[in-house]
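Engineer: This is the structure I want to talk about, given as structure tokens.
Taken together, the values in this text are just the output of simple stated rules run on the coordinates, not laboratory data. Please read all numbers here as calculations on a predicted model, not as lab measurements. When we count neighbours, we look across all protein chains shown, and the Cβ atoms used for this are built from the backbone with ideal geometry, even at glycine.
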Amino acid sequence: MKIDALMRGEIKFSELPTGENASKLSRNKRHWELGGDMKRRTFLKLSMAAAGGALAAPYVHAQSKKFAGVTLRMNGFGGKWDAALLKAAAPLEEKHGLKVQMDTGTQSAQLIKLLAQKDDPPFDVFQGDSPYMIELARNGMIEGIKVSDVPNIKRILPGFREFGDYGVPFSLTSMGPAYNPKFVKPALTSYSDLARPDLRGRVVVFPATSSPGSLFLLGLAEENGGSISNMEPAYKILEAAKSNIVALAQSTTPQMQMYQAEEVYAGVFWKYGTYQLNSKGFPIEFVVPPVGIYSVTTYLNVVKGTKFSEAAHALAEQFLSDEGMLAIADGTRSDIATDFKLPEELRNNVVFASPERIAQKKKIDWKTWEEGHSDRIERFNRIIRG
């Protein structure tokens, strides 16, 4: 029927034949008006639903990202280190909408800032090295983290998690004697070699004010019959090496510059510092002494009082994933804390590249080490400045 065609939208109302029976037209027109009105309402509902679905699609997609709108505030150390960590965290933004914001500074200053603002913490997650973990836990600034929170904790190598449920270790930096083979012959083999007469005026070390940097003193003690509780043998060797020590480097960068300028030939250095020099074509050798390897582990911590504990756990899980470990090792050339097997190129640039090397990792009583901090500073300064 023509009226049916009109209702289906196949013809216009004006196209109805004028010869249609008036009564029939009247009846069918009424039928069309009632039925058509219902159809129009149905059509509008469907159209609006379709349009609404199209408009809502991005919104629904955004809402499906678990941490959309969340930005974790984390302390940073700067340079390649921060870049590597941000690269390791990047997949979380794509997968879950989670962003990470770095606040770069010195770790000691960041720790003081966190302690001063404990009731309104400036960070959601805090990366802290082993010596600082004692302070973080003792002052109640961080939360415990369990395997149920971060399943990848199961992949952390034995002995690499030093503080019970506090912190998630993800990277290790090792300290050892280092030397320029162009000038130093025979090669250094121990910390005590820094007292050799041929190195007069050519040695650089870290000051005792740096708790991680002064680990070389523990190496001197243990090489000569001492211990963490008996540092006297270290001070005797330091006295013998005094005429060799020409500079105290507060950080890695100035020490690298001294080596490059050939102002110094030997000292104690972080492994990633020797890698950076080697990558620039500068010859410097890192030594693993017979006494063992002294390492500082960097931990990711959930700050107590953060509103985003679950997001912080997700960040820790991502750091410990294969993807995260690869990004961190590639960007820093530091050792990693899990069982992930690094590509051969990276294994050649880290310390703990084999079970034998891992067995050489020294266990350090960080509580005792920190308790002796003030005494070490006093004795070190007295010897160097005396």
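Engineer: Find out how many positive minus negative residues lie around G144, taking Lys and Arg as positive, Asp and Glu as negative, among other residues whose Cβ is under 15 Å from that of G144.
Structural biologist: Local charge sum for G144: -1.
Engineer: Next up: Taking the Cα centre of region 283-386 as the origin, how large is its charge dipole in debye, to the nearest 20, when only Lys and Arg (+1) and Asp and Glu (-1) carry charge on their Cβ atoms?
Structural biologist: The dipole of region 283-386 has a size of about 580 debye.
Engineer: Still on this structure, please answer the following. In percent, how large is the relative contact order of region 289-386, given Cα pairs closer than 8 Å and 6 or more residues apart?
Structural biologist: Computed value for region 289-386: 27 percent relative contact order.
Engineer: According to the square roots a ≥ b ≥ c of the eigenvalues of the Cα gyration tensor, what is the shape class of region 61-138, taking rounded for a/c under 1.5, prolate for a/b larger than b/c otherwise, and oblate for the remainder?
Structural biologist: prolate
Engineer: Can you compute 3J(HN,Hα) from phi for each residue in region 260-270, using the Karplus curve 6.51 cos²θ - 1.76 cosθ + 1.60 with θ = phi - 60°, rounded to whole Hz and x for Gly and Pro?
Structural biologist: The phi angles translate into 5, 7, 6, 7, 10, 10, 8, x, 10, 8, 7 Hz.
Engineer: A further question follows. Taking K and R as +1 and D and E as -1, what net charge do the other residues with C-beta under 14 Å from the C-beta of R202 add up to?
Structural biologist: Local net charge: +1.
Engineer: What's the extension gain from S227 to K80 if we count 0.36 nm per residue and subtract their Cα-Cα distance?
Structural biologist: Contour length minus the Cα-Cα distance gives 49.4 nm.
Engineer: For F269, list long-range residues whose amide hydrogen, built 1.01 Å from N in the peptide plane, is under 5 Å from its own amide hydrogen.
Structural biologist: G176, A178
Engineer: Let me ask something else about it. To the nearest whole percent, what portion of all C-alpha pairs in region 227-386 is separated by more than 21 angstrom?
Structural biologist: Here the long-distance tail beyond 21 Å is 62 percent of all Cα pairs in region 227-386.
Engineer: To continue, here is another question. How large, in Å, is region 289-332 by the Kirkwood hydrodynamic radius built from its alpha-carbon pairs?
Structural biologist: Evaluated on region 289-332, it is 12.7 Å.
Engineer: Using θ = phi - 60° and the Karplus relation 6.51 cos²θ - 1.76 cosθ + 1.60, list the HN-Hα couplings for region 121-136 in order, rounded to whole Hz, with x at every Gly or Pro.
Structural biologist: 3J(HN,Hα) across region 121-136, in whole Hz: x, x, 10, 9, 10, 10, 8, x, 6, 2, x, 7, 5, 4, 5, 4.
Engineer: With each label point set 7 Å from Cα along the Cα-Cβ vector, what nm distance links V288 and N139?
Structural biologist: The two pseudo-label positions are separated by 3.6 nm.
Engineer: How would you rank R376, R382, R202, going from fewest to most other Cβ atoms within 10 Å of each one's own Cβ?
Structural biologist: In increasing order of surrounding Cβ atoms, one gets R382, R376, R202.
Engineer: Note the full-extension length gain between K87 and I358 as 0.36 nm times their separation in residues minus their Cα-Cα distance, in nm to one decimal.
Structural biologist: 94.9 nm
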